[in-house]
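The values are calculated or read from the model by the stated rules, or taken from the named source; none is laboratory data. Computed from a predicted model, the values in this text were never measured in an experiment. Here Cβ is always computed from backbone atoms with ideal geometry, including for glycine, and neighbour counts include all displayed protein chains.
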Amino acid sequence: MRTIAWYFDFVSPYAYLCLQRLPEVAADIEYRPVLFAGLLAHWGQKGPAELAPKRLWTYRFCQWQADTLGIPFRFPAQHPFNPLHHLRLAIAAGATPAAVRRIFEAIWTTGADAADPAAFEALCRELNVEPDVLAAAEVKDALRANTEQATQRGVFGVPTFDVEGELFWGVDAIDFLKAYLEDPSILRSAEMERLKTLPVGAARKAS
């Protein structure tokens with residue numbers, strides 16, 4: 001069975017929704033926490049929550065999608081929030097599927113404030129991680145390395161699947177990913193090959 005890297009950040013509601021669909025993917029999943037803000041900075045992008053109309057649309061769409069799929073879901077009391085501690089907690093807990101799922105659930109099913117120190121300390125205890133461990137150099141370095149590796153691979157957003165160098169971005173790309181796993185040749189058709197070198201016809205001036 002193939003091994004697929006799954007890059008995610010707890011700040012992303014799309015990553016939480018994607019988590020629920022991971023059992024559909026016929027592969028071993030390696031959970032790789034990354035700092036979404038680091039990806040945005042690298043590529044010079046703004047996140048969905050940084051544009052007011054896109055922020056509301058994103059929130060509504062995620063809520064609708066969760067309701068449609070029957071997924072327990074509730075936005076935290078404030079969003080976006082700083083996910084750095086949660087990302088480090090995931091790494092300190094070994095980035096295991098169980099630990100990652102528990103952190104996502106604590107953020108995305110309760111409606112609570114993700115930045116609440118008391119709730120975060122309780123989550124650390126539940127995962128058997130001492131809060132002091134999160135400040136350890138090896139934990140910080142691991143998160144930084146994951147994020148740098150992601151940008152080097154071409155990852156520009158979360159969630160993203162990396163299958164032997166082929167990237168599938170977003171929860172709505174899961175069907176595309178599943179089709180690729182069944183038949184990798186779908187990316188080698190003449191038209192798919194043409195897309196690799198499609199010329200740019202116009203570009204915005206840098207502001």
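As a summary of the residue check, A92 satisfies the conditions (1) out of contact with any strand residue (DSSP E or B) (no Cβ under 7 Å at 6 or more places or on another chain); (2) of a type outside the set (S, T, Y); (3) touching a residue at least 60 places away in the same chain (Cβ under 8 Å); (4) crowded, with 16+ Cβ neighbours inside 10 Å except for the one numbered (3).
Scanning segment 27-41 for residues that are over 16 Å from the mean Cα position of the chain (by Cα) and surrounded by 12 or more Cβ atoms within 10 Å (Cβ to Cβ) gives a single hit, A27. Scan segment 78-98 for residues that are part of a helix (DSSP H, G or I), over 17 Å from E130 (Cβ atoms) and not hydrophobic (A, V, I, L, M, F, W, C) and the total you get is 1. Considering only segment 123-173, state which residues are buried (at least 18 other Cβ atoms within 10 Å of the Cβ) and assigned to a helix (DSSP H, G or I). Correct list: L123, C124, L134, V139, A142, L143, N146, T147, A150, V171. Within segment 105-112, not a single residue is surrounded by 14 or more Cβ atoms within 10 Å (Cβ to Cβ), closer than 19 Å to V34 by Cα, in contact with a Cys (Cβ under 9 Å, 6 or more places away or on another chain) and not hydroxyl-bearing (S, T, Y). Pairs linking a residue in segment 118-139 that is within 12 Å of A106 (Cα to Cα) and modelled with pLDDT of 95 or more to a residue that is loosely packed, with under 14 Cβ neighbours inside 10 Å and of a type in the set (D, E), with Cβ atoms under 8 Å and 6 or more positions apart or on different chains, are C124/E130.
Does F104 meet the test of being in a helix (DSSP H, G or I) and not basic (K, R)? The answer is yes for F104.
For segment 1-26, how many residues meet the condition of being exposed (fewer than 13 other Cβ atoms within 10 Å of the Cβ), in contact with a strand residue (DSSP E or B) (Cβ under 6 Å, 6 or more places away or on another chain) and not β-branched (V, I, T)? Count: 1. Does segment 114-132 contain at least one residue that is within 25 Å of T3 (Cα to Cα) and under 18 Å from the mean Cα position of the chain (by Cα)? The answer is no; no qualifying residue exists.
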